[in-house]
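The next block holds one structure in the form of structure tokens; read it before the comments.
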Amino acid sequence: MHTSIPIIFPTDWKDYELIDSGEGAKLERFGSYTISRPDPRAIWKRNAPLTIWESADAQYVRSSKEAGDWKIKKAPPSDWHISYDDLVFQLKPTSFKHVGVFPEQAVNWQWITEKLYSKPKSSVLNLFAYTGGATLAAAKAGAHVTHVDSSQSSINWAKENATASGLKEAPIRWILDDVTKFVSREIRRGNAYDAIILDPPRFGRGTKGEIWKIEDDLAPLLTLCKQLLSPKPFFVLLNAYTADLSPIVIDNVINDMMANTKGFIETFELTIQDSTSKRLLPHGITSRWS
């Protein structure tokens with residue numbers, strides 16, 4: 001297996017734009033609506049004029065390390081959504097500063113689509129699936145998708161996105177469960193998947209309060225996931241957002257998972273390029289085996 005750790009970023013967004021970043025924040029456009037929100041990795045100076053930052057329609061302001069509130073200058077559209085190709089995402093400001101979509105993942109949605117289009121009715125498992133960007137990409141390509149998340153509100157949101165994307169009747173199985181427990185049960189049931197997607201948080205809780213810590217639990221989960229792969233799997237895709245883990249760490253755990261399995265691993269630092277200075281803002285790590 002050959003590994004490499006380049007930098008990648010999407011270049012074909014129309015409904016999303018990273019306008020500027022710096023001084024602990026980023027300024028973005030989702031459709032026609034602009035927001036400012038914290039990003040602790042943006043420790044450099046801003047390039048866009050202060051007036052542009054101050055004209056943002058909404059700003060997320062932290063009240064503590066874990067919490068904050070939105071200061072709304074202009075209310076979002078009643079049907080606030082953006083599109084990427086044929087995928088449609090319903091947006092709303094959340095208490096966690098997110099709005100329901102991670103634009104840097106467009107490079108992975110495109111990759112998933114390319115991997116699956118020639119393989120109709122593939123079985124895909126999407127773990128920590130949140131609002132379903134990868135689920136939609138796989139379903140659009142004709143796959144049968146099992147979407148697993150421990151948050152009912154996130155699953156409901158993903159279903160709204162599926163409906164908006166014309167995928168209401170697509171073969172998507174929606175599972176509310178703790179990811180590790182679900183994977184363990186699938187192993188006992190003898191089920192298998194042609195592709196597995198994982199997008200774990202740094203810290204999380206399962207449906208019954210189970211604690212997830214990426215440093216402790218990721219490697220054991222990948223060992224379990226290896227047992228769920230079909231005899232000739234298509235791909236494994238792993239994302240990680242925490243700044244505490246380097247691309248090398250993610251590359252190493254995927255190498256451990258897929259040892260002795262013929263294939264190729266590519267590990268990337270995900271970024272977004274701003275439109276003001278063309279500077280890159282890091283947005284996590286992705287590692288792909290295929």
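Tabulated data for the structure shown
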{"read-out": "Cα-Cα P(r), region 132-289, percent of pairs per 10 Å interval", "value": "10, 35, 39, 14, 2, 0"}
{"read-out": "Derived scalar couplings ³J(HN,Hα) [region 225-234; Karplus, 6.51 cos²θ - 1.76 cosθ + 1.60; whole Hz; x for Gly, Pro]", "value": "4, 4, 6, 8, 6, 5, x, 10, x, 8"}
{"read-out": "Calculated log₁₀ intensity ratio I(q)/I(0) where the Debye formula runs over C-alpha points of the chain, q = 0.14, 0.16 Å⁻¹", "value": "-1.07, -1.40"}
{"read-out": "Cα long-axis angle, helix 152-164 against the chain (0 to 90 degrees, to the nearest 10)", "value": "80 degrees"}
{"read-out": "Cα-Cα over 27 Å, subset of Lys73/Lys208; Lys92/Lys168; Lys121/Lys168; Lys115/Lys159; Lys45/Lys97", "value": "Lys73/Lys208"}
{"read-out": "Convex hull volume per residue for region 1-95, taking Cα atoms only, in Å³", "value": "162 Å³"}
{"read-out": "Sequence-separation-based contact order of the chain, relative, with Cα cut under 8 Å and 6+ spacing, percent", "value": "18 percent"}
{"read-out": "Computed E for Tyr117/Arg205 - FRET, C-beta separation, R0 30 angstrom, nearest 0.05", "value": "0.25"}
{"read-out": "Separation of alpha-carbon centers, region 103-181 and region 1-80, rounded to whole Å", "value": "25 Å"}
{"read-out": "GNM top mover of Thr131, Thr223, Thr146 - the chain, alpha-carbon springs below 10 Å", "value": "Thr223"}
{"read-out": "Nitroxide proxy distance, nm - points 7 Å out along Cα→Cβ at Thr163 and Lys74", "value": "2.8 nm"}
{"read-out": "Fluctuation leader among Asn260, Asn161, Asn239 - the chain, Gaussian network, Cα springs under 10 angstrom", "value": "Asn260"}
{"read-out": "Per residue, the convex hull volume that the Cα atoms of region 108-211 enclose (Å³)", "value": "92 Å³"}
{"read-out": "Candidates Arg37, Arg188, Arg46: whichever shows maximal mean-square fluctuation once the chain is modelled as a Gaussian network with Cα springs under 10 Å", "value": "Arg188"}
{"read-out": "Percentage of interatomic Cα-Cα distances in region 210-290 larger than 22 Å", "value": "32 percent"}
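Each value in this text was obtained by applying a stated rule to the coordinates, not by laboratory testing. Just so it is clear, the model here is predicted, and its values are computed rather than measured. No Cβ is skipped: glycine too gets one built from the backbone with ideal geometry, and neighbour counts run over all protein chains shown.
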